[in-house]
Amino acid sequence: MKRNFRQQWLKGVAGQGRMAKGLIALVLIGVLFQSFMVVDASSFTSEEDVSFRGGETFTDDTDIVVTSNGIRKITSATASIGDKDPGVEATHLLPQINNALVSNHYAYMIEVKEATVDSWAVGDRFEVELYGGGSMGVDLLATLYVQQAVANHDAIEGVTVGVDVGSSSWIPDFFNVIVTRQ
């Protein structure tokens, strides 16, 4: 009887080892999958999984700072601003660029700014892509453009970005922002 119990116990421990190995393999696959989502970050700044609850920031281009300003309800419709290249001029007043904003929809708000005074050179152009996602997948919500045609040597310049999420009753679970220097 003792031998049978010992064999069953050893068999159970071995099974747990296989389960642990399987769990470790799944975790490694998850980490590998997550890294594929960040590896393609050759020259951009993004806030990964940013939501109104906060999030993690990944920065590859140290001249660009992206700050989340949360979710807002749109009170009046606004036409697209900055949806054509070369885009809106970045200033210290942070002019707004946005996709078409529909009244009563939710909008995700961010700021895209130079990290320090004069980190953006005259002639720099940037593409801002904002994605929203959840359990049903990830969608591109907007592609907008900003430029630095004239530099203000006394202030940090940038833009405020407002992106309609396409709904008055649903907010994506997370947002991805990719800013690419062109």
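At a glance:
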| quantity | calculated |
| --- | --- |
| Accessible carbon and sulfur surface of the stretch 132-182 relative to its total accessible area, %, 1.4 Å | 53 |
| Placed amide H near HIS92: partners under 5 Å, 5+ positions off or other chain | GLY158 |
| Protection-proxy order for peptides 156-169, 111-124, each taking the mean of Cβ atoms within 10 Å per residue, highest first | 156-169, 111-124 |
| For the stretch 66-182, accessible area per residue (1.4 Å probe, heavy atoms of protein chains only), Å² | 45 |
| In Hz, Karplus ³J(HN,Hα) per residue of the stretch 78-90 (6.51, -1.76, 1.60; θ = phi - 60°; x = Gly, Pro) | 9, 5, 4, 10, x, 8, 10, 6, x, x, 7, 5, 6 |
| Cβ charges +1 (Lys, Arg) and -1 (Asp, Glu), total dipole of the stretch 120-182, debye | 80 |
| Per-residue HN-Hα couplings for the stretch 108-114 [Karplus 6.51, -1.76, 1.60; θ = phi - 60°; Hz; x = Gly/Pro] | 9, 10, 9, 10, 10, 9, 6 |
| Long-range HN-HN contacts of VAL138 with modeled amide H, under 5 Å | none |
| Whole-Hz ³J(HN,Hα) from phi, Karplus 6.51 cos²θ - 1.76 cosθ + 1.60, for the stretch 156-168, glycine and proline x | 6, 10, x, 9, 9, 10, x, 10, 5, 7, x, 7, 9 |
| Extension gain from ALA121 to ALA79, taking 0.36 nm per residue of separation minus the Cα-Cα distance | 12.2 nm |
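The values are calculated or read from the model by the stated rules, or taken from the named source; none is laboratory data. Just so you know, these numbers come straight off a predicted model, no measurement behind them. Please note: Cβ atoms are built from the backbone with ideal geometry, for glycine as well, and neighbour counts cover all protein chains shown. All accessible areas refer to the heavy atoms of the entire protein, side chains included, with ligands and DNA or RNA removed. Shrake-Rupley method; radii C 1.70, N 1.55, O 1.52, S 1.80 Å.
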